Amino acid sequence: MYEDIDIFELAKFAIKVADKNFSNYKCAEIFIGKSEYLNIEVEENSVKYSEIGRNHGISIRIYQTNGSIGFAFTNKMNKKVVEKIVKNAIKMMRVGTPDPNFKNLPEKLKPYSMVEDLYDKSIKSLLIEDAIDHVKDLINVCTEDDQAISQSGDFTANSNLSYIFNSNGIEVSGEETLFNISSNMIVKDTINGDVSNGYESQMKRMLADIDGTKTAEEALKNAKRNLHRKKIKTKKMPVILSPKGTINLILNPIASAINAEMYQYKRSFLVGKREKKIGSDLININDNAVINGRVGSNIFDGEGFPCRNKKIIENGHFLQSGLLHNSYTAGKEGVESTGNASRSSFSSVPSIGISNLILQPGTAQNDELIQNVKEGILLNSTADSPNIATGDFSGLISQGNLIQNGEIKHALNETMFGINLLDLFENITSISKEYKIYGPYSAPYVKIDNVQIIGAQSLKN
Amino acid sequence: METYDELSLFDNAFIADLIQEAEHNVEYWDIRATVSEGTTLDFTDQKSTEISSYEMTNCGIRAFINGGWGFSVLKDLNKDSIRSSFLKSIKLAKLTKSLLKNEFKIIERDPIEKSFKIDCKLPLSDVNIEEKIKLVKNHEKIAASSSKLITNTRTIYMDGVSNNIFINSFGSKIKQTLSYLRLLNMVYSRKAGIIQRSLNSVGGLGGFEILSTEKAEKLSEKTAQESIKLLDAKSPIGGQFTIIADPKLAGTLIHEALGHACEADLVLSKESILKEEMGKEIALQNINVIDDPSMGQGKKLGLPYEIFGSYFIDDEGILSQKTTIIENGVLKNYLHNLETSSRMNLPPNGHGRASSSSARPQVRMGFTYIEPKDWNIEELIQDTKNGILCEDFLYGYTNPTTGNFQFKCKFSYKIENGEKKELMRDVALSGMILEVLKKISAVGDKNTFGHSQGICGKGGQSVRVCDGGPYIRVDDITVGGLN
């Protein structure tokens, strides 16, 4: 589809324009991205909408010797516009402020690790009809259940190519695929008419790993578990986080807090905590980019730097080397980049992002975790996120159930909870053997003791 | 904008050609194309971390047959690629149609042939990059130098101009020249191990004059002061409280606690708790709620530009207009796009919106607000024996199916015996859609009316929205806290 554009030639042309217009720049980088996608949407449990599309673009990032940055991008892949945007980037660089913290763009020093199964070549022959088969799996689950009254969901297939070329000798290109399926199931209780919903999704590198039936069944299970919602009283009690809850309350906040940019600007609640204990001995977290076939895996990052596996937290200790870096933050701290430069598309300057963030599973059986709770909460998800600067969390349990005498009981309505993340980490008393993978996260069940639950049931009742 | 020519390829002959391709094949189609340019300046601690410019094109083509939609997205604007994407979208629509269960038609609407242009007193093209940088640097400096407690500042400036074309099978051909600007300022401060931050923004549709208001000029000063003020705030105590919400928070409440559940696509898909409430009294009798994204709101609010949530037409070629959602407590209208209005056999009301020409329109809000009534703010506080005065919001969300919503306030003051007392931070409020509207026990007068602007997410797309209202009092709200 893109045979008309020679991206390698266009990148070299862009560098030539830079050389010609401002020869004594410190370093420059060309990033070219191309993608194609296909998307089928289900509404009211019926195929409703299908979409195909493509995207492409080129950006240039250029630095002056004083560290001042210029950036420009376009999706008009012709030399005339590319010449214009390179000149624009130079103009931006010249008016920027000096930044002594900027050291350099990555240099070609280290070998790249082999990471396999990032690209599924079956996408080349994927027809919209094949995609529809996956969506039919979703639809069948809803049709066959008495309580399911509606479902919205989608299937998306994406292929991306990125090419990075910089003036320090980095030149890499790679292709990757991403497949995604999701279901939001609506159920209605046949007796009392109560309505609720449940959500589930999968994100995979390989099409063969996508399982629509399992996704819809899990959404249905969540939806049914979310029926008969009741308000509860305000009380301190233990909370069992489901894998999604673990992502919401542990992995996602940690992903932000170990971002070196957040850390260096002192916007992280983990500032000053390196080489210190930040929670229970049970916490072991690493960020691994080099697992074959995983969504967060990569050979090189958004700046072309080699990716690897990094230990972040070991037996509750936040490691000195536990920050995620791109070349800028690494240069500022005087360390090597960790290969975590992240770039959502050609149109963004590299920020920092996780690869596959993994909370290592523990020894507890999932059932035992629940069975051992006399009175507590099973927290499946919250849409809130903590204040990363302070670690304070207060928010709503979007999907959760009361646990009584080791059994999962009714769902919760209007139930909130609050805790500081450092207290949460400290109060972790058990982690399950079983874990689930959602996108770039690997999350077990986690038990936290002594959490303040705020119920809406009045004390008078 | 010199790139305007690129859209001139949609001449009458080419459109006639597309109409012929579609004939007997599809029941409805539309094409949206945009050519845009813009600038982003991102400064942290008075240093530039991004100074960028862009030049982009976007185009999306939609076809519809008997309940099935096909959509094709392309980036190269030339007649060949547009024609081939047009045919692809027809093929997709046919395929979708062959699989679906729910058949329906799109009701034909009157065609519109018109050009619209955002009025800019100081066009962005007349302002050079040095001037924009000077402004951002100045905000950074003001924030950083306002106190020793400030640890980190960030200012982001974004602007963009675009030329847009919309063509559909009703015979509409609409051209728009748009211009927007947004300035965000974030300040972190630290004292005795406690870190706090505040964030404020101004934005609208227009030119550089958007930054000439007093509010815009004092943006960073205000953010810095707020951040420092929060250092001494207390953590909230959880429980049930009466709250007084300021206009920004009242707007967030109505957006989350009512607006989303009124989006007719969610009603049709049985995902809205309001699906059987039309014509019923869902709020107290004195409550009126409006969504009015039409132009001219800025002027009414005393601003020299159009507000962020306004638009001339929606992304399906329907003129923006005032819609009464709740009148005297009764649910009067849902918000519609072409599809939902056709299926419910009602006139469309201009709420089919997309984040760009590359994304499909969904039902979205524009400028949602509560109409003012008669309470004076001082009286309102005095009349409230014990409760919380909540000002401004951090974020909010809702589950339209269960009706549970939640949002977070920036500042919250305890009210004791009718007096404003100590400040609390990170107060989270939660409630149920069908309960909360009946708990609004007082609505402020027009002197207190205000609005806020932001970005609202749904189905992976973000659109510009505004919401607002006067001060309101809500009884018996659940407040989450750490204690």
Of (1) surrounded by fewer than 24 Cβ atoms within 10 Å (Cβ to Cβ); (2) assigned by TED's automatic domain parsing to the domain that holds residue B:328; (3) charged (D, E, K, R), residue B:226 satisfies every one except (2)
Output yes when any residue across the stretch B:46-59 is within 30 Å of residue A:102 (Cα to Cα), touching a Lys or Arg at 6+ places or on another chain (Cβ under 6 Å) and β-branched (Val, Ile, Thr), and no when none is.
no
Residue hits (the stretch B:389-430; more than 22 Å from the chain's Cα centre (by Cα) and under 21 Å from residue B:287 (Cβ atoms)) are B:389
Filtering the stretch B:359-379 down to residues that are touching a strand residue (DSSP E or B) at 6+ places or on another chain (Cβ under 8 Å) and either surrounded by fewer than 23 Cβ atoms within 10 Å (Cβ to Cβ) or not assigned by TED's automatic domain parsing to the domain that holds residue B:249 (or both) yields B:359, B:360, B:362, B:371, B:372, B:373, B:374, B:375, B:376, B:377
Condition set aliphatic (A, V, I, L, M) and buried (at least 24 other Cβ atoms within 10 Å of the Cβ), scope the stretch B:447-476, selection nearest to the other protein chains (Cβ to nearest Cβ): answer is B:474
Just one listed residue, out of A:233, A:311, is over 26 Å from residue A:345 (Cβ atoms) and outside any strand (DSSP E or B), and it is A:233
Test for residue B:479: is it in contact (Cβ under 8 Å) with a residue 40 or more places away in the chain and closer than 25 Å to residue B:184 by Cα: no
Counting only strands (runs of 3 or more DSSP E) wholly inside the stretch A:367-461, the ones holding at least 1 residues that are within 14 Å of chain B (Cβ to nearest Cβ) and at negative phi are A:375-381, A:392-396, A:399-404, A:407-412, A:416-420, A:441-454
By residue number, the members of the stretch A:138-162 that are surrounded by fewer than 21 Cβ atoms within 10 Å (Cβ to Cβ) and away from chain B (no Cβ under 13 Å) are A:144, A:145, A:146, A:160, A:161
By residue number, the members of the stretch B:401-438 that are in contact (Cβ under 8 Å) with a residue 60 or more places away in the chain and in a helix (DSSP H, G or I) are B:433, B:434, B:436
TODO: Determine whether residue A:246 is surrounded by 24 or more Cβ atoms within 10 Å (Cβ to Cβ), outside the structural domain of residue A:341 (by TED's automatic domain parsing) and of a type in the set (Val, Ile, Thr).
DONE: no
The correct count of residues that are among the polar types (S, T, N, Q) and under 30 Å from residue B:295 (Cα atoms) in the stretch B:204-251 is 4
All-but-one check, residue B:254 against (1) buried (at least 22 other Cβ atoms within 10 Å of the Cβ); (2) in a helix (DSSP H, G or I); (3) at pLDDT 95 or above; (4) not acidic (Asp, Glu), failing number (3)
Taking the stretch A:63-83 and keeping residues part of a helix (DSSP H, G or I) and within 7 Å of chain B (Cβ to nearest Cβ) leaves A:81
Flagged pairs (Cβ under 7 angstrom, 6 or more apart or on separate chains; first in the stretch B:447-470, free of Cβ contacts under 8 Å to residues at least 40 places away in the same chain; second not basic (Lys, Arg)) are B:455/B:462
In the stretch A:319-336, anything among the hydroxyl-bearing types (Ser, Thr, Tyr) and more than 19 Å from residue A:30 (Cβ to Cβ) is listed as A:321, A:329
Those residues of the stretch A:136-171 which are aliphatic (A, V, I, L, M) and either assigned to a strand (DSSP E or B) or closer than 30 Å to residue A:343 by Cβ (or both) amount to A:148, A:149, A:157, A:161, A:164, A:170
Expected single match for in contact with a helix residue (DSSP H, G or I) (Cβ under 6 Å, 6 or more places away or on another chain), over 30 Å from residue B:137 (Cα atoms) and more than 10 Å from chain A (Cβ to nearest Cβ) among B:12, B:25 is B:25
A careful count of residues in the stretch A:264-298 that are part of a loop (DSSP other than H, G, I, E, B) and within 14 Å of another protein chain (Cβ to nearest Cβ) gives 9
Practice task
Determine whether residue B:37 is more than 9 Å from chain A (Cβ to nearest Cβ), part of a strand (DSSP E or B), crowded, with 17+ Cβ neighbours inside 10 Å and not aliphatic (A, V, I, L, M).
Solution key: yes
Restricting the stretch A:98-125 to residues that are within 14 Å of chain B (Cβ to nearest Cβ) and surrounded by 18 or more Cβ atoms within 10 Å (Cβ to Cβ), the one nearest to the chain's Cα centre (by Cα) turns out to be A:102
Worksheet entry | Boolean, residue B:184 is buried (at least 21 other Cβ atoms within 10 Å of the Cβ), assigned by TED's automatic domain parsing to the domain that holds residue B:122 and in contact (Cβ under 8 Å) with a residue 12 or more places away in the chain | no
In the stretch A:185-202, anything among the hydrophobic types (A, V, I, L, M, F, W, C) and crowded, with 19+ Cβ neighbours inside 10 Å is listed as A:185, A:186, A:187, A:195
Item checked: residue B:263 at pLDDT 95 or above, of a type outside the set (Ser, Thr, Tyr) and touching a His at 6+ places or on another chain (Cβ under 8 Å) -> yes
The condition from (1) within 8 Å of chain B (Cβ to nearest Cβ); (2) on the phi < 0 side of the Ramachandran plot that residue A:26 misses is numbered (1)
Got at least one residue in the stretch A:47-62 being in a loop (DSSP other than H, G, I, E, B), facing chain B (nearest Cβ under 8 Å) and of a type in the set (D, E, K, R)?
no
message = Would you confirm, using the coordinates I've provided, whether residue B:108 is away from chain A (no Cβ under 11 Å) and part of a loop (DSSP other than H, G, I, E, B)?
response = yes
message: Tell me yes or no: at least one residue of the stretch A:287-300 is over 25 Å from residue A:111 (Cα atoms), hydroxyl-bearing (Ser, Thr, Tyr) and either crowded, with 21+ Cβ neighbours inside 10 Å or free of Cβ contacts under 8 Å to residues at least 40 places away in the same chain (or both).
response: no
Within the stretch A:16-48, the residues that are surrounded by fewer than 23 Cβ atoms within 10 Å (Cβ to Cβ), touching a Lys or Arg at 6+ places or on another chain (Cβ under 7 Å) and under 27 Å from residue A:205 (Cβ atoms) are A:35, A:36, A:41
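The values are calculated or read from the model by the stated rules, or taken from the named source; none is laboratory data. What you see is a predicted model, and the numbers here were worked out from it, not measured in a lab. When we count neighbours, we look across all protein chains shown, and the Cβ atoms used for this are built from the backbone with ideal geometry, even at glycine.
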